[in-house]
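The values are calculated or read from the model by the stated rules, or taken from the named source; none is laboratory data. Since this is a predicted model, take the numbers as computed values, not measurements. Cβ sites come from the backbone with ideal geometry, for glycine too, and all protein chains shown count toward neighbours. These accessible areas exclude ligands, DNA and RNA; they are computed on the full protein's heavy atoms, side chains included. Shrake-Rupley method; radii C 1.70, N 1.55, O 1.52, S 1.80 Å.
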Amino acid sequence: MSDQILGLHHITAIASNAQRNYDFYAKVMGLRFLKKTVNFDDPSTYHFYFGDEVGSAGTILTFFPWQNMTPGRRGTGQATEIGYSVPEGSFDFWLKRFAQHNVTFNKPSEKFGEPYLTFLDPDGLKLELTVAKNADPRTPWTTPEVSAAVATKGFHNVTLTLTNIKGTAEILTEVFGYKLMEQHVNRYRFATDAVPGAAIIDLVEAPGEARGHVAGGSVHHIAFRVPDDATEMRFRQKIAARGLNITEQIDRQYFHSLYFREPGGVLFEIATDNPGFMIDESLAELGTHLLLPPQYERRRAQIEAQLPVIS
C-alpha cells in the first residue's frame, strides 16, 4: 500500500496573552495542558500544547502566546476554522458554558449533514464543535466540569480559505491520499480513510476575498501526521518533486518536522508520531514543568525571568 497521511497531527495558532490562553483552553474547554515549553526561534515566548491524556495526534492544539500580539485578519491563504468533534447531545452544555464564560458564539447550524456550533476564543480564533455523522471512538480528556458526555474528542476538521483550490486539492489528493467527499457551493470537503478522526480538510474557494494576515487569533500552520521518519522523508521527496520548497527535517523535540507552503499559501507541516510527549515528563506529570530545548537550557534563569508566570 502506498504511503498515506494519517490525518491531522497538530494545529498551531497565535495568541496574545499566555494566562488568558491557558485559562480558556485548559479550564473553559477542558483540554489537557500537555507541555509548557518555548518557541524554538524566540525563547522569550512560550509554546503551549493542549490535547487529550497522552497528546494523541489529531488532538494537539498548540499556541505561541506572544504578549500583546496585534490581531490578525481572516482571509484567503489561511486556515480559518478549527473544528472539534463532540458527542451528540452536548450542545446545550456548551451553549450554557460559553454564556457563563462570556464566549462569543453563534446558534447551532448544519454543514454536510452534521450539526455544528461556531465560537471564538479570546483572541478571535474561529472554532467549531461538530457532532460527526459517524460516532467518534476517541476517548476524551475530562475535568470535574467537562465530563466525557460533552468533552471534545480531538479535531474533526480544519477549513482552509483560498483564492483558488486547485493546487491545494492536488496536494491533498495526489500526494496525501485524501479524496473529495462532498461539495456545497464553494466549500469542498476532503477526507482520508486512514484514520477515524481528525481526517477532514475543508477547502473554501473565495476568489474575491482579501488575503488574510497571520497574527493574534490566527492559525500559524497545520501539521499532517506520518508514523515515522522514513515515511516522512518519502513525502519530502514527493513534495520536492512538485517543485515546492520544503525544509530539511527539523527536530521539534516531541516530533520531527518538515515545512512547506502549499500552492494556496497555507503553511503545511508533516510531523512524525515519534518520539512523543513522554520523553521528558511522565504521563502523570505532563504539562507541569517548564521544558526547554537543549540549546536553551544554559539560559534557563534568564528565560524564566522573561516569561509571564502561569497559574
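Length available on full extension from N164 to T139: 0.36 nm per residue minus the Cα-Cα distance, which gives 5.3 nm. Relative contact order of segment 120-198: 23 percent, from C-alpha pairs under 8 Å at least 6 residues apart in sequence. Computed over the Cα atoms of the chain, the ratio of the radius of gyration to the Kirkwood radius (Rg/Rh) comes to 0.94.
For the listed peptides 292-299, 26-33, a ranking on the average number of other beta carbons within 10 Å per residue, highest first, reads 26-33, 292-299. At an R0 of 30 angstrom, the distance between the Cβ atoms of E248 and H289 translates into a FRET efficiency of 0.55. Grab the beta carbon distance between H184 and A215, set R0 = 25 Å, and tell me the FRET efficiency rounded to 0.05. FRET efficiency, H184 to A215: 0.25. Each label point was placed 7 Å from the Cα along the Cα-to-Cβ direction; for F112 and T70 their separation is 3.5 nm.
Which distance in Å, rounded to a whole number, links the C-alpha centroids of segment 250-311 and segment 163-184? Taking the Cα centre of segment 163-184 as reference, the centre of segment 250-311 is 30 Å away. Peptides 156-169, 84-97 ranked from most to least packed give 156-169, 84-97, packing being the mean of other C-beta atoms within 10 angstrom over each peptide's residues. Counting protein heavy atoms only, the chain has 51 percent of its accessible area on carbon and sulfur, 1.4 angstrom probe.
Taking 0.36 nm per residue of separation and subtracting the Cα-Cα distance, full extension of the segment from E297 to A241 would add 16.3 nm. Remark: spin-label model distance E304-D42 equals 2.4 nm, labels positioned 7 Å along the Cα→Cβ axis.
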